[in-house]
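Structure first, then comments.
Just so it is clear, none of the values below were taken in a lab; they were calculated from the coordinates. Note that this is a predicted model, so its numbers are computed, not measured. FYI the Cβ positions are ideal-geometry reconstructions off the backbone, even for glycines, and counts take in every protein chain you see.
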Amino acid sequence: MHIIILGPPGSGKGTQSEQLITTFDLEHLSTGDMLRGEIAAGTELGLKAKSVMDAGDLVSDDIILGMVENKIQQSDKGLLFDGFPRTIPQAEGLDKILARTKTAVSHVIELKIEDDVIVERMLARGREDDNEETIRNRLDVYKAQTAPVIGHYQGQNIVHSVNGDQSIDAVFSDIKAVLTA
Ligand code: AMP
């Protein structure tokens, strides 16, 4: 099974992913972590991505799909996609890559949470790209480009919404219930 965890920035995707990979023996594929790894390693891709990320905009679909395809080809486990796909073209690209491996997405978990709760949480997190202006931009980008991805999977009846405005343990237990149903 491949799982997608979707939700606005600061909705707890990273935290939930860490627990999910252990409990369900999945491989974590976080495009944000991969990009931060490229920046830390000082690669050309990292240099290109950094200014885009600092502004809270999206890195190009080509770059993202290239990174993801490599990782999928190297993996022989169920994958947990965290922060990907973030656009409709990325979702369509993922469909094509998975079709070649004869696997598919089994669940899309949507974490739901209000904007003002997110801004509060993210300012407390204090990551380098977490100032109020960037956070607001990331929320706008999420609504315009990423929220439509949910519609892409709705027709397959695999989308499950979970209330993200609860304790970490309560969110995890709701997700677990979805995955074991
Ligand atoms: P995240 O750690 O998922 O919040 O991602 C941090 C930043 O990396 C985002 O604000 C984007 O600039 C970039 N990023 C991560 N994943 C993607 C993706 N799938 N498509 C485009 N940009 C991405």
If I take every Cα pair under 8 Å that is 6 or more residues apart in the range 1-72, average their sequence separation and divide by the length, what percent do I get for the relative contact order? 19 percent
For the range 97-174, treating each Cα as an identical point scatterer without solvent, what Debye log10 I(q)/I(0) comes out at q = 0.18, 0.25 1/Å? -0.93, -1.19
Run a plain Debye calculation on the range 29-120 (Cα atoms as equal point scatterers, no solvent) and give log10 I(q)/I(0) at q = 0.10, 0.11, 0.15, 0.21 Å⁻¹, rounded to two decimals, same order as the q list. -0.30, -0.36, -0.66, -1.14
Low-density loop positions, trypsin sites (Lys or Arg not before Pro), the range 1-78 - DSSP coil, at most 15 other Cβ in 10 Å: Lys77
Pair-distance profile P(r), taking every C-alpha pair of the range 20-68, with 5 angstrom steps and integer %: 5, 20, 28, 21, 10, 10, 6, 0
Would you calculate, for the chain, the mean residue ellipticity at 222 nm contributed by helices, counting each DSSP H stretch of 4 or more residues as -39,500 (n - 2.57) and dividing by all residues, to the nearest 500? -17000 deg cm²/dmol
Residue (of Thr134, Ile39, Thr180) at the positive-pole extreme of the chain, dipole from beta-carbon charges: Thr180
Expressed in nanometres to one decimal, the distance between label points 7 Å along Cα→Cβ at Lys176 and Asp62 is 4.5 nm
Taking Met122, Met1 and counting other C-beta atoms within 10 Å, the order from fewest to most: Met1, Met122
Along the three principal axes, how long is the range 76-134 when you take its alpha carbons, biggest first, rounded to the nearest angstrom? 42, 21, 18
List, in the order given, every pair from Lys48/Lys143; Lys48/Lys112; Lys96/Lys143 whose Cα-Cα distance in the structure shown is over 29 Å. Lys48/Lys112
Expressed to two decimals, the range 43-96 has a Cα Rg over Rh, using the Kirkwood radius, of 0.98
For the chain, compute the orientation-averaged projected area of the C-alpha convex hull (one quarter of its surface), in nm². 9.8 nm²
What percentage of all Cα-Cα pairs in the range 135-177 are separated by more than 16 Å? 56 percent
